[in-house]
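Peer 1: I have a structure here, written as structure tokens, and I will follow up with some questions on it.
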Amino acid sequence: MVPDRAAKTTAVERKQSRINYEATQLSAAQRNIHIYAQIASIGNFIFLICDMMFIQGQSERLIVAITRYCFSILLILMVRALQRVKTFGGFASIVTIMEAASIFLYLYVLWLYQSPDFMIQSMGMIVTVLVISIVPNRIINTLILTVTAAVAFFAEFYLLINPVPIKSLAVSIVYVSLTILICCVKNFGTDRHAQREFFAKKTLQETSAKDYLTSAATRARLEEEAHRWMNFCRRQSLPLCLVFVDVDNLKSINDCYGHAMGDSVLKQIAAVMQAQLRNSDTIARWGGDEFVLLLPNVTLQNAVLLLDRVKIAINALTLDGGASVSCSFGVVQMRTESTYQEMLAQADTMMYRSKKNGKGRIAYQNDTIESDTAENELPGNCV
């Protein structure tokens, strides 16, 4: 069961990492979408001029002009939609629809040409492939679009010009195929390089955000999470608690059993607390023998019950040499006007009050029963 659970955890982490990577892709693509839209608009106008030169019939010219005008309107609407989309998958879907529409427009207008030059239009097909490859999209979508466009292009010319010059056809197929291959390899290599950079940066950030000994969060990471959760809980009218934890008599353990034992105690206590907390909770090492817990969407009463379970689990730890260990806790609940620093100071005060009254206790500040200054001590076996 343990390997299965580990495999599931790894799969979930990989999926989340992929989502985070695509979020960075989406952000970059949305910043640059106006550039691609401007290029497409200019290209559409240039193609309109060429259409007017090579299409003879007045009605056909009018149809092409209206079609390209509608394409410009569609382009504007798509750009607005791309700015609002929340996932890269949605972004890629809209881009794919837009590129499919542009390919259809290209082939439709080509059908209206009178005796089009095969080699010149082959260069136009190569330009189309290049433009499709430049716009951010999933690699598989780009490959399907470019291959489909090339096949449709050669099939259309087979119907327009029969027979198609064999030499020209062979040269054109080679050039277009090489362009598609080069663009796909380039996009694949760029994507792989971007992924490696993203995950390397992510690993570095995660490493720097964790305490080297206990793997708990650092002070800096705690502050980031605290501000994020405090803002969220205020907007949603949810409770939030902050807990100061102090390992009792750690100096005595270091003196009697050595610093290796003291480090082992810190690791075990951090592991016990992590096992009792939710994924949304944060455990951070404040320094020395102190930890800070951030508990979003938890009331003061539930926080006390949770800490009681944590305290019992810590008291049950068996250490070498028969040593015992306990922790003192100070917990406060966020008020409407509370700041992060104020909550830290209040929790720290409660923790020292707990130690002063016998250690191994949970002290909390209750502002819902008596007054803003009412302080309560819970014995070690409080439930």
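The values are calculated or read from the model by the stated rules, or taken from the named source; none is laboratory data. Note that the coordinates shown come from a computational prediction; the quantities given were computed from them, not determined experimentally. Reconstructed Cβ throughout: ideal geometry from the backbone, glycine too, with neighbour counts over all protein chains shown.
Peer 1: For Phe118, indicate whether it is surrounded by 19 or more Cβ atoms within 10 Å (Cβ to Cβ), in contact with a helix residue (DSSP H, G or I) (Cβ under 7 Å, 6 or more places away or on another chain) and of a type in the set (Phe, Trp, Tyr).
Peer 2: No: the conditions fail for Phe118.
Peer 1: Output the number of the condition that Ser324 fails; it satisfies all remaining conditions of (1) in contact (Cβ under 8 Å) with a residue 60 or more places away in the chain; (2) over 26 Å from Lys210 (Cβ atoms); (3) of a type in the set (Gly, Ala, Ser).
Peer 2: Only one criterion in (1) in contact (Cβ under 8 Å) with a residue 60 or more places away in the chain; (2) over 26 Å from Lys210 (Cβ atoms); (3) of a type in the set (Gly, Ala, Ser) is unmet by Ser324, namely (1).
Peer 1: Follow-up question, since we're still on this one. Give the number of residues within segment 250-280 that are over 17 Å from Ser215 (Cα atoms), surrounded by fewer than 16 Cβ atoms within 10 Å (Cβ to Cβ) and touching a residue at least 40 places away in the same chain (Cβ under 8 Å).
Peer 2: So the count comes out to 1.
Peer 1: Regarding Thr146, is this residue surrounded by 11 or more Cβ atoms within 10 Å (Cβ to Cβ), free of Cβ contacts under 8 Å to residues at least 12 places away in the same chain and hydroxyl-bearing (Ser, Thr, Tyr)?
Peer 2: For Thr146, the condition - surrounded by 11 or more Cβ atoms within 10 Å (Cβ to Cβ), free of Cβ contacts under 8 Å to residues at least 12 places away in the same chain and hydroxyl-bearing (Ser, Thr, Tyr) - is not met.
Peer 1: I'm told Gln236 meets every condition in (1) loosely packed, with under 13 Cβ neighbours inside 10 Å; (2) closer than 28 Å to Asn315 by Cα except one. Can you identify the failing condition by its number?
Peer 2: Among (1) loosely packed, with under 13 Cβ neighbours inside 10 Å; (2) closer than 28 Å to Asn315 by Cα, the lone unmet condition for Gln236 is (2).
Peer 1: Can I ask one more? Considering each of Ala65, Ala81 in turn, give the residue that is under 18 Å from Asn141 (Cβ atoms), assigned by TED's automatic domain parsing to the domain that holds Thr148 and modelled with pLDDT of 85 or more.
Peer 2: Step by step, each of Ala65, Ala81 is checked, and only Ala81 is under 18 Å from Asn141 (Cβ atoms), assigned by TED's automatic domain parsing to the domain that holds Thr148 and modelled with pLDDT of 85 or more.
Peer 1: I'd like to know if segment 328-337 contains one or more residues that are of a type outside the set (A, V, I, L, M), farther than 19 Å from Arg278 by Cβ, buried (at least 16 other Cβ atoms within 10 Å of the Cβ) and assigned by TED's automatic domain parsing to the domain that holds Lys251.
Peer 2: Among the residues of segment 328-337, at least one is of a type outside the set (A, V, I, L, M), farther than 19 Å from Arg278 by Cβ, buried (at least 16 other Cβ atoms within 10 Å of the Cβ) and assigned by TED's automatic domain parsing to the domain that holds Lys251, which makes the answer yes.
Peer 1: Determine the pairs where a residue that is touching a residue at least 60 places away in the same chain (Cβ under 8 Å) and assigned by TED's automatic domain parsing to the domain that holds Leu112, located within segment 34-58, has a partner that is in a loop (DSSP other than H, G, I, E, B) and aromatic (Phe, Trp, Tyr) with Cβ atoms under 6 Å apart, the partner being 6 or more residues away or on another chain.
Peer 2: Hits for this filter: Phe54/Tyr113.
Peer 1: Identify the single condition in (1) surrounded by 14 or more Cβ atoms within 10 Å (Cβ to Cβ); (2) more than 23 Å from Ile63 (Cα to Cα); (3) out of contact with any Cys (no Cβ under 7 Å at 6 or more places or on another chain) that Phe157 does not satisfy, given that it satisfies every other one.
Peer 2: In the conditions (1) surrounded by 14 or more Cβ atoms within 10 Å (Cβ to Cβ); (2) more than 23 Å from Ile63 (Cα to Cα); (3) out of contact with any Cys (no Cβ under 7 Å at 6 or more places or on another chain), Phe157 misses (2) alone.
Peer 1: Sticking with this structure for a sec: Any chance you could count how many residues in segment 301-335 are assigned to a helix (DSSP H, G or I) and in contact with a Leu (Cβ under 6 Å, 6 or more places away or on another chain)?
Peer 2: Matching residues across segment 301-335 total 1.
Peer 1: Okay, moving on. Taking the stated definitions as given, is Thr214 in a loop (DSSP other than H, G, I, E, B) and either assigned by TED's automatic domain parsing to the domain that holds Val331 or surrounded by 12 or more Cβ atoms within 10 Å (Cβ to Cβ) (or both)?
Peer 2: Answer is yes for this residue.
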